[in-house]
Amino acid sequence: MRVRPRGDRGGPARLPPPPGHLDRAVAELVAGRLCGADAAKAELLCTGTQARAVARCLQLFGGYGYMLEYPIARLYADARGTRVHAGTGEVMKVVVARPLGP
């Protein structure tokens with residue numbers, strides 16, 4: 001049996017986003033120069049971070065986290081909807097990769 005430290009899911013390591021990535025994306029959006037690939041990168045970053053944060057918070061509540069009487073249940077439902085609303089992660093990855101060529 002392999003012993004893993006807490007939080008290690010055995011998947012690939014997550015690298016932090018480049019410093020100022022979201023700030024630059026917002027500035028380019030306001031200036032009207034935000035391209036689709038950069039928008040997709042920002043969307044992937046934000047929705048992924050939101051989903052991981054809410055899923056971890058949900059673990060604190062256990063089964064109560066799924067009961068609508070608790071605010072975390074609504075946050076969890078919203079986080080799930082946000083990931084699909086603007087396009088799934090796989091679609092966003094295709095948008096990011098498209099300018100790189102075949």
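Values quoted throughout were computed directly from the atomic coordinates according to the rules given, and no laboratory measurement underlies them. What you see is a predicted model; the values in this text were computed from it and never measured. Positions of Cβ are generated from backbone atoms using ideal geometry, with glycine treated the same way; all protein chains shown enter the neighbour counts.
Determine the gain in length on full extension of the stretch Glu69-Arg24; use 0.36 nm per residue of separation and subtract their C-alpha separation, reporting nm with one decimal. Walk me through the numbers before you get to the answer.
Numbers: separation 45, 0.36 × 45 = 16.20 nm, distance 3.84 nm.
Extra length available between Glu69 and Arg24 comes to 12.4 nm.
With +1 on the Cβ of every Lys and Arg and -1 on the Cβ of every Asp and Glu, and nothing else charged, how large is the dipole of region 35-100 about its Cα centre, in debye rounded to the nearest 20?
Values: 8 positive and 5 negative charges, 30 e Å.
In debye, rounded to 20, region 35-100 gives about 140.
For region 43-54, take each phi angle, set θ = phi - 60°, evaluate the Karplus expression 6.51 cos²θ - 1.76 cosθ + 1.60, and give the result in whole Hz per residue in order, putting x for glycine and proline.
5, 4, 4, 5, 5, x, 5, 4, 4, 5, 5, 5
On a full-extension model of 0.36 nm per residue, what is the gain between Asp78 and Leu100, subtracting their alpha-carbon distance, rounded to one decimal in nm?
Details: separation 22, 0.36 × 22 = 7.92 nm, distance 3.23 nm.
Separation in residues times 0.36 nm, less the Cα-Cα distance, equals 4.7 nm.
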